[in-house]
1. Any chance you could count how many residues in the range 164-207 are out of contact with any Gly (no Cβ under 8 Å at 6 or more places or on another chain), part of a helix (DSSP H, G or I) and within 20 Å of TYR108 (Cα to Cα)?
2. Taking the range 186-223, which residues are among the aromatic types (Phe, Trp, Tyr) and either loosely packed, with under 10 Cβ neighbours inside 10 Å or in the same structural domain as ILE83 (by TED's automatic domain parsing) (or both)?
3. Name the residue that is surrounded by the most Cβ atoms within 10 Å (Cβ to Cβ), counting only residues in the range 13-29 that are in contact with a strand residue (DSSP E or B) (Cβ under 8 Å, 6 or more places away or on another chain) and part of a helix (DSSP H, G or I).
4. Consider TYR121 against the criteria (1) of a type outside the set (Asp, Glu); (2) under 24 Å from PHE171 (Cβ atoms); (3) modelled with pLDDT under 95: it satisfies all of them except one. Which criterion is unmet?
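The values are calculated or read from the model by the stated rules, or taken from the named source; none is laboratory data. As the structure is a computational prediction, the values presented were derived from the model and not from experiment. Because the Cβ atoms are built from the backbone with ideal geometry, glycine has one as well, and the counts that use them run over all protein chains shown.
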Amino acid sequence: MSVMPRFNRQQLRSELERIARRPIRLTLTANASNYISFSPSENPLRVRIQRIFLDASDDVLVGVGRWLGGRAKRCPKVVGRFINSPPPEVAGVVHTRRRKLKPQGRCYHLGLLLEQVNAEYFEGSISARISWGHRISRRRVHARTLGAYYRSENVIFISPVLDQWIVPEWFVSFTIYHECLHALQPFGQKPHGQAFRRALGRHPHYGAALQWEKANIDLLTSR
């Protein structure tokens with residue numbers, strides 16, 4: 001049974017225009033790694049936004065609108081939390097585009113890394129495929145997640161911001177491990193609940209990964 005979203009595209013555009021206080025041309029996407037992108041200097045503002053925001057709550061939309069309008073310098077925390085932990089009823093109706101997967105990157109081959117992670121930590125139980133997500137223009141401001149698992153397609157997408165030699169291979173593998181845990185979660189389970197956090201914390205690079213991400217946040221958000 002399909003679930004009607006809270007807004008349609010026109011309604012979402014109107015709501016964001018009201019909050020941002022500027023005209024917007026809105027495009028809905030199924031991008032698996034870049035959830036929001038826009039160029040602040042454009043008028044009207046051209047915004048590409050993931051379909052999941054059709055079901056965003058008022059506080060999330062206020063955060064998005066303030067960011068689009070220039071009253072927030074970075075992606076607001078409330079928006080980041082929504083991206084990383086959408087409600088199960090919302091996450092379950094988001095679908096990726098049917099497209100050719102691209103595990104081979106400029107620096108890292110995700111297929112090979114997934115095989116290693118699957119064998120070492122999951123006894124080969126992960127059946128998901130894996131691909132790099134889409135790259136976007138450096139001129140556009142964007143909100144991204146480093147990885148995403150789409151149950152409807154059984155696909156893991158990894159942000160192409162990690163496909164550079166300055167990013168350690170072990171950090172890319174840790175990100176894949178994170179998404180593999182999501183692939184094993186029963187549908188409807190809280191994405192980042194206690195059980196998930198315990199399993200994530202058992203990874204040998206857990207502490208180092210948190211520190212590296214915090215120390216390199218500008219690198220991960222500037223490309």
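1. Step one: of the range 164-207, the residues out of contact with any Gly (no Cβ under 8 Å at 6 or more places or on another chain) are 164-174, 177, 180-186, 189-207.
From what's left, part of a helix (DSSP H, G or I): 169-174, 177, 180-184, 194-201, 206-207.
Keeping just the survivors that are within 20 Å of TYR108 (Cα to Cα) gives 169-174, 177, 180.
The qualifying residues number 8.
2. PHE187
3. The first filter runs over the range 13-29 and keeps only residues in contact with a strand residue (DSSP E or B) (Cβ under 8 Å, 6 or more places away or on another chain), leaving 13, 16-17, 20, 22-29.
From what's left, part of a helix (DSSP H, G or I): 13, 16-17, 20.
Numbers: ARG13: 19, LEU16: 24, GLU17: 19, ALA20: 20.
Top of the filtered list is LEU16.
4. Of the numbered conditions (1) of a type outside the set (Asp, Glu); (2) under 24 Å from PHE171 (Cβ atoms); (3) modelled with pLDDT under 95, the odd one out for TYR121 is (3).
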